[in-house]
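Student: Would you mind keeping the following structure in view while I ask a few things?
The values are calculated or read from the model by the stated rules, or taken from the named source; none is laboratory data. What you see is a predicted model; the values in this text were computed from it and never measured. Every residue, glycine among them, receives a Cβ derived from its backbone with ideal geometry; neighbour counts consider all protein chains shown. Accessible surface areas use protein heavy atoms only, side chains included; no ligands, DNA or RNA. Shrake-Rupley method; radii C 1.70, N 1.55, O 1.52, S 1.80 Å.
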Amino acid sequence: MTLNNLKIFLANVFSFNEQYPLLFTQFNFWVFLALVMAIFSLLHSKRLLRNTFLFLASVFFYYKTSGLFVLILIFDMFLDYFLGIFMDKSKRQGAKKFHLIFGVVINLLVLFYFKYAYFFTDAYNTIVNSQYEVINWLAQWTNDLSGKDYFDASKILLPVGISFYTFQNISYLVDVYKGKIKHVGNILDFGFYVSFFPQLVAGPIVRADQFVPQLYKKFFLSRRQFGIAMFWILNGLAKKLIMSDYLAVNFVDRVFNNPSLYTAFENLSALFIYSLQVYADFSGYTDIAIGVAMLMGFYLPKNFNSPYKADSPSNFWKRWHISLSKWLQDYLYIPLGGNRNATFGTYFCILLIASVIILLTKSVVITSVIASIAVIVLIVSLASQKARLKISTNINMLNTMLLGGLWHGASWNFMIWGGLNGVGILGFKIWRHLKQWLRSLVSGIIFGAFFACNWFWPSPVLMIFTVWSGVFFGGTLIRCIYSSIFPNKDIQWLNYSWNVFMTFVFISFTRLFFRSGSNLDPAIANETAWNTAKSMVNSIGGHWNIPAIPEILSNYWPVFILFVIGMIIHWLPEHFKRWYRVNFALMPLWLMALVTVVAVFFLYQFVTADLQPFIYFQF
């Protein structure tokens, strides 16, 4: 290799190329990991050297994934490191609280600037009828100082994984403030905690009290743990390449990109199949992250627990993106008052969101509905202390779901998605306390109301609600009749299956708004996402060409078969999954190596020509 060729090679290695990021599904990542593990094997017994090396490797990984956005990560790292020291050394509680609030505010301002600048500007322009445009002030100041136009100041790009490491940093500040952990004394150790590359860009969200103690532990990896780590890596790759990417490229993306070009059945199928796709994509990333981290002796929290086995919306959120759900519970829901009481934040959040919705929509109907709900809630709260406690608990929960939805993306579609999930959880809390006959009556009234509305004012969205409420009413009525005739012969598995099915349908329909707002330029996200969602609703709630369904199934038979297989695997009993996971880990090393080589060869037959980034990279 000539000196010139060597310079070109090194330039390619150490420069950022957005066309070739270090994704888990790309060959260059595994070359990177092999080099990291080779050096790690020499340093693993020396704790500080190990952590320092992994910190530098993680910073390089993020640079190769996000370019100069690595400077934001480093800024947050230094800020929170010193704030942690200040809090621990402050003798006065007021000083500790000041440092905490200052740190949380700065972290959130950085997140809001890069992620929500277009969202808030668009909302402000709509409310006051102005024409303000977003400017990338950091790029503008850099250009002014240098005297050259190095950066495009007309756009704000979203740094990969900024939501994840921002929440991770906030958890560190809060845990140090509460005394759950001591501040990390070495900047290199802290940098390693902030930037650990397996989970840096898409989670799971690693909380300080869970990970910081691992910084000081000696490396340990048993033979069985090595096997489990290899299983998680292969399992994650299979989910991503076979399930997620294939379903996306060959069906889901096509329908969501042009919903009006496809039939009602195809639009509805895309919704259900997307539920499997997003699960396979996100849990696949998590599996790989857990496996890679385990190879280095570190343990990341479980992030998924077969979420489509959930028999209610609330149970779903105990199984889906568990690290985020727990974070929101401990650092948002409980500080707002949780199930104990209402705080200033409780009413401030819900009133602010309601006010913005009213100002944006400028709809008399929406204003009347929100005002009526507010009056009813106020009257009930004043009438009963017990009711007031329940109302405050539910408002705290709803605030958490709305803000959790907004965390996912700078689009009203994400808030709608979060709000629908919150309403689903609230509805289930009320539903589970009703007797069977009352459930039938309530569901019958709801079905009758939607049927009547659709009869007099026909529309696609009312048709969808009419059909869904009709199916729900029918199932509830049958269950009520059966329990009346056979009061002592309740079929538990049938009841559970029905609840799982209805939960899956509900979650899939809320994802209409989630998927519509994904993968979009923040500057046009709101309008594009809303148009996509509206187009799909119009299609699903419109004319159904039933005779065309067999032909659609025939044309897309690999997609539908893969969907069925994926759901069957998902619904397998947990003990069976644990059995084949452990048996893989206990294989002789030569057999494990052979199986791994064959599996990798098979998996990469599914690699698509176009780069398919992980869905949660944008969050």
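Student: Quick one: accessible surface of Tyr216, probe radius 1.4 Å, all protein chains present, in square angstrom to the nearest 10.
Tutor: Tyr216 has an accessible surface of roughly 110 Å² with all protein chains in place.
Student: Go ahead and run the numbers for FRET between Lys218 and Ala38, Cβ-Cβ distance against an R0 of 22 Å, rounding to 0.05. Please list the in-between numbers first.
Tutor: Working: r = 20 Å, r/R0 = 0.91.
In this case the efficiency is close to 0.65.
Student: Report the paramagnetic label zone for Asn495: residues of segment 430-455 whose backbone N is under 15 Å from a point 7 Å from Cα along the Cα-to-Cβ axis.
Tutor: Of the residues in segment 430-455, 431-440 have backbone N under 15 Å from the label point off Asn495.
Student: Using 0.36 nm times the number of residues separating Asn129 and Ile74, minus their current alpha carbon distance, what extension gain do you get?
Tutor: Numbers: separation 55, 0.36 × 55 = 19.80 nm, distance 3.82 nm.
Gain on stretching Asn129 to Ile74: 16.0 nm.
Student: Per residue, how much accessible surface does the chain expose to a 1.4 Å probe? Answer in Å², no decimals.
Tutor: On the way: 30720 Å² over 619 residues.
Per residue, the chain has 50 Å² of solvent-accessible surface.
Student: Step through the residues of segment 419-431 one at a time and calculate ³J(HN,Hα) from phi using the Karplus curve (6.51 cos²θ - 1.76 cosθ + 1.60, θ = phi - 60°), rounding each to whole Hz and writing x for Gly and Pro.
Tutor: x, 4, 5, x, 5, x, 5, 5, x, 5, 4, 6, 4
Student: On to the next question. Three principal axis extents, largest first, for the C-alpha atoms of the chain, in Å?
Tutor: Cα extents, longest axis first: 78, 60, 51 Å.
Student: Can you give the accessible area of Val597 in Å² (nearest 10), computed on protein heavy atoms with a 1.4 Å probe?
Tutor: Here the residue's solvent-accessible area equals roughly 100 Å².
Student: Taking the chain as the reference, fit the longest principal axis to its C-alpha atoms, fit the long axis of helix 93-128 to the helix C-alpha atoms, and give the angle between the two in degrees, 0 to 90, nearest 10.
Tutor: 60
Student: From the protein chains alone at 1.4 Å, what is the descending order of accessible area for Arg581, Arg92, largest first? Intermediate values should be presented prior to the final figure.
Tutor: Numbers: Arg581 40, Arg92 165 Å².
Sorted by accessible area, descending: Arg92, Arg581.
Student: Still on this model: For every helix of n ≥ 4 consecutive DSSP H residues, a contribution of -39,500 (n - 2.57) applies; sum these over the chain, divide by its total residues, and give [θ] at 222 nm rounded to the nearest 500 deg cm²/dmol.
Tutor: Working: 26 runs with 427 residues, N = 619.
Dividing the helical sum by the residues of the chain leaves -23000 deg cm²/dmol.
Student: Once both axes come from the Cα atoms, what is the angle between helix 27-43 and the longest principal axis of the chain, in degrees from 0 to 90, rounded to 10?
Tutor: For helix 27-43, the angle is close to 60 degrees.
Student: Quick one: angle between helix 137-146 and the longest Cα principal axis of the chain, in degrees between 0 and 90, rounded to 10, please.
Tutor: Around 30 degrees separate the two axes.
Student: So, taking all protein chains as they sit and a 1.4 Å probe, how much accessible area belongs to Arg254, in Å² rounded to tens?
Tutor: 100
Student: What's the longest piece of the chain with no exposed GluC sites (Glu not before Pro), counting a site as exposed if DSSP puts it in a loop and it has at most 13 other beta carbons within 10 Å?
Tutor: Numbers: sites that count: Glu18, Glu133.
Longest stretch, sites excluded: 134-619.
Student: Note down the nm distance, to one decimal, between modelled labels 7 Å out along Cα→Cβ at Ile334 and at Phe456.
Tutor: According to this spin-label approximation, the distance is 4.9 nm.
Student: Still on this structure, please answer the following. Could you grab the relative contact order for the chain? Cα pairs under 8 Å, six or more apart, rounded to a whole percent. Intermediate results must be reported in sequence, preceding the final value.
Tutor: On the way: 721 pairs, mean separation 109.1, N = 619.
It comes to 18 percent, rounded to a whole number.
Student: For the residue pair Leu49 and Asn583, what label-to-label distance in nm results when each label sits 7 Å from Cα along the Cα-to-beta-carbon direction?
Tutor: 4.3
Student: On the protein heavy atoms, probe 1.4 angstrom, tell me the percent of accessible surface of the chain carried by carbon and sulfur. Walk me through the intermediate numbers first.
Tutor: On the way: 21590 of 30720 Å².
Looking at the chain in its full context, I get 70 percent from C and S.
Student: Taking 0.36 nm per intervening residue step and subtracting the Cα-Cα distance, what contour gain separates Val249 from Leu109 on full extension? Can you show the working numbers first?
Tutor: Numbers: separation 140, 0.36 × 140 = 50.40 nm, distance 3.59 nm.
Extra length from Val249 to Leu109 when fully extended: 46.8 nm.
Student: Also: What's the center-to-center distance, using Cα atoms, between segment 359-413 and segment 553-582 in Å?
Tutor: About 39 Å separates the Cα centre of segment 359-413 from the one of segment 553-582.
Student: So, one more: To the nearest 0.05, how large is the calculated FRET efficiency for Phe102 and Tyr482 if R₀ is 56 Å and r is the Cβ-Cβ distance?
Tutor: Details: r = 60 Å, r/R0 = 1.07.
Between Phe102 and Tyr482 the formula returns 0.40.
Student: Using a 7 Å offset from the Cα along the Cα-to-Cβ direction at both Phe120 and Ile445, what is the distance between the two label points in nm, to one decimal?
Tutor: In this crude label model, Phe120 to Ile445 measures out at 4.3 nm.
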